[in-house]
Every structure is written in structure tokens, then in C-alpha cells.
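Asks: So that we are looking at the same thing, I have put the structure below in C-alpha cells.
The values are calculated or read from the model by the stated rules, or taken from the named source; none is laboratory data. Remember, predicted model here, so these are calculated numbers, not experimental data. Using ideal geometry, Cβ is built from the backbone for each residue, glycine included, and neighbour counts are taken over all protein chains shown.
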Amino acid sequence: MNKPKDWVFSDPRLKAMRQDYAAYTEEDFKVWRILFERQIVNLPKAASKAYLDGIKTINFTADRIADFEDVNKRLAKSTGWAIQVVPGLIDDDLFFGLMNNKRFCSSTWLRKMEQLDYLEEPDMFHDAFAHMPMLTNQHYVDFLENLSGIALKHIDDKWAIELLSRIYWFTIEFGLIREEGELRIYGAGILSSAGETKFSLSDSPAHLPYDVRRIMNTPYWKDKFQDKYFVIDSYEQLYRSLPEIEEVLEEMVAEAAK
């Protein structure tokens, strides 16, 4: 689809939501500060250089909850992406449709003090602190945009979406990268968890080379640390794997249909 220069993705399910920064409470600021300070100290020797550069570009700090208006200005200058406020979990076609149009979904609510360590549904701290700095890396967002395009081609096939969700899970959410011979984290599910940050880089789980076919054959866990993590050599490798992802996906979908 050749889009006019001023074309904007829209959908009737997208309500006119925005971040009401003035509505954040004293508890919200306290929760952000606790989570930020508790995790940021772990990251200089654990996070990918792309993330560490990105958090500086995005300019997140402990004393200021992420301001999406400011984030969008900074992303516009780096990769052209933007943040789309959503109420929480949304339909797959809308989720992938937004990312295929360079808009990353984020909620605006923060967990409560009694929920500091575990949430069933990702909150704004996860969406902002863990995901948004990586949106400043061009190969990373190109991978995200085009992976979403593949998903949209198969959006009515639940098995295909499950297979692509495994790619998303083991890269965007729980991916590791090897930089200068050392394991580093780029997956947001790890970056927002102090416990999994330490665990993922320890000798306890398996660290496997990035392998599209193996990932698609590997179910993931939502309620505990993973027992294996897949390691890329570069974000360019992720982007270059897109044709293989599409090829293996079509093969596995065809096999399931027999």
C-alpha cells in the first residue's frame, strides 16, 4: 500500500485517549521512583548499549513519570515512531496494525504500591521504561514494523499468530544480545524486572543462538522466569531474519492444515 504523505492509521476502536499527566498522584510518582531506582542500578552492566543510549535519548529520570508528549517529540527525531495510548490489552489486529504504522501501544496507568513485584497485565512502567528506549534503534523498529506486517497477513489464523507471538516473546519481550563477548538484555520483559535481569544473565537458564525455527517450536511461560533465552548477535540480524520468519511461518501453517 502506497500511503499519502499525510496518511494516518485510524480505527474506530481507537478512542481519543491521551495521557493526563496532571492526574498522576503522589503514590504514582512514588511507585515510578521506586521501580526506576531499583532497576536502573542493575542496567549499566546488564542492558544492551542500544537500551542505555535510548534511555538517555528519551530522557527518563526517577523523579519524573514518562511524559508521552515529550517522548513523541524525541522519537520523531530519532526513528519516526510515536506512542499510541491504549486502555490496556487490545485486539491482535489493532496491536499489529499500529506497530506496522510506527505507533507503539502504551497504557497510562501505574501499578499500586502493593503490586510492585508482579502484575498480570503490563502497566505503564513496563511499557515506558522497558520498551520506549529501544524504539530509538532503527534496526529494532524496522524489525518490529515488518514483523507486524507479516502478522497482519495472517491475522485470521490463530496458529500463525501464536507462532509469531513466540518470535515477539523471545525477542522484543525476552531477548538477549551478545555485545563485545558479553550477554546483554534488550527484551522489555526482562528490563522491567530486577529479578529476571539477574536470572537471565546467570548460569541457571539456557542461552541459545537466535534460531527462527526453534523459537517458533518453543512455547513460552507467562507466569515464571523462562528456562531458555535466545541470543542475537545484532539488531541487524533480527531485521535480516524477517524473510526466514515468513518462510518458516508459511511452512508450519501449511503443515498444520494437512
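Asks: Please enumerate the residues belonging to region 66-109 that are of a type in the set (A, V, I, L, M, F, W, C) and more than 22 Å from residue 137 (Cα to Cα).
Replies: 86, 89, 90, 94, 109
Asks: Among 104, 96, which is under 17 Å from residue 131 (Cα atoms), at pLDDT 85 or above and assigned to a helix (DSSP H, G or I)?
Replies: Result: 96 is the single residue among 104, 96 that is under 17 Å from residue 131 (Cα atoms), at pLDDT 85 or above and assigned to a helix (DSSP H, G or I).
Asks: Just to be sure I understand the filter: pairs with C-beta atoms under 8 Å, separated by 6 or more residues or on different chains, first member in region 227-250 and without any contact (Cβ under 8 Å) to a residue 60 or more places away in the chain and in a strand (DSSP E or B), second member buried (at least 18 other Cβ atoms within 10 Å of the Cβ) and among the aliphatic types (A, V, I, L, M). Which pairs pass?
Replies: From residues that are without any contact (Cβ under 8 Å) to a residue 60 or more places away in the chain and in a strand (DSSP E or B), the pairs are 229/176; 231/176; 231/177.
Asks: Additional query: Looking only at residues that are polar (S, T, N, Q) and either over 21 Å from residue 107 (Cα atoms) or at pLDDT 95 or above (or both) in region 27-58, which one is surrounded by the most Cβ atoms within 10 Å (Cβ to Cβ)?
Replies: Checked region 27-58; the qualifying residue surrounded by the most Cβ atoms within 10 Å (Cβ to Cβ) is 48.
Asks: Let me ask another. Could you say whether any residue in region 226-235 is at pLDDT below 95 and either hydroxyl-bearing (Ser, Thr, Tyr) or over 16 Å from the mean Cα position of the chain (by Cα) (or both)?
Replies: Within region 226-235, one or more residues are at pLDDT below 95 and either hydroxyl-bearing (Ser, Thr, Tyr) or over 16 Å from the mean Cα position of the chain (by Cα) (or both).
Asks: Let me ask something else about it. All but one of (1) touching a Lys or Arg at 6+ places or on another chain (Cβ under 8 Å); (2) surrounded by fewer than 14 Cβ atoms within 10 Å (Cβ to Cβ); (3) over 30 Å from residue 115 (Cβ atoms) hold for residue 208; which doesn't?
Replies: All conditions are met except number (2).
Asks: Still on this structure, I have one more. Give region 101-116 a look and list any residue that's out of contact with any Leu (no Cβ under 6 Å at 6 or more places or on another chain) and in contact (Cβ under 8 Å) with a residue 60 or more places away in the chain, or say none.
Replies: 101, 103, 108, 110, 112, 113, 116, listed by residue number.
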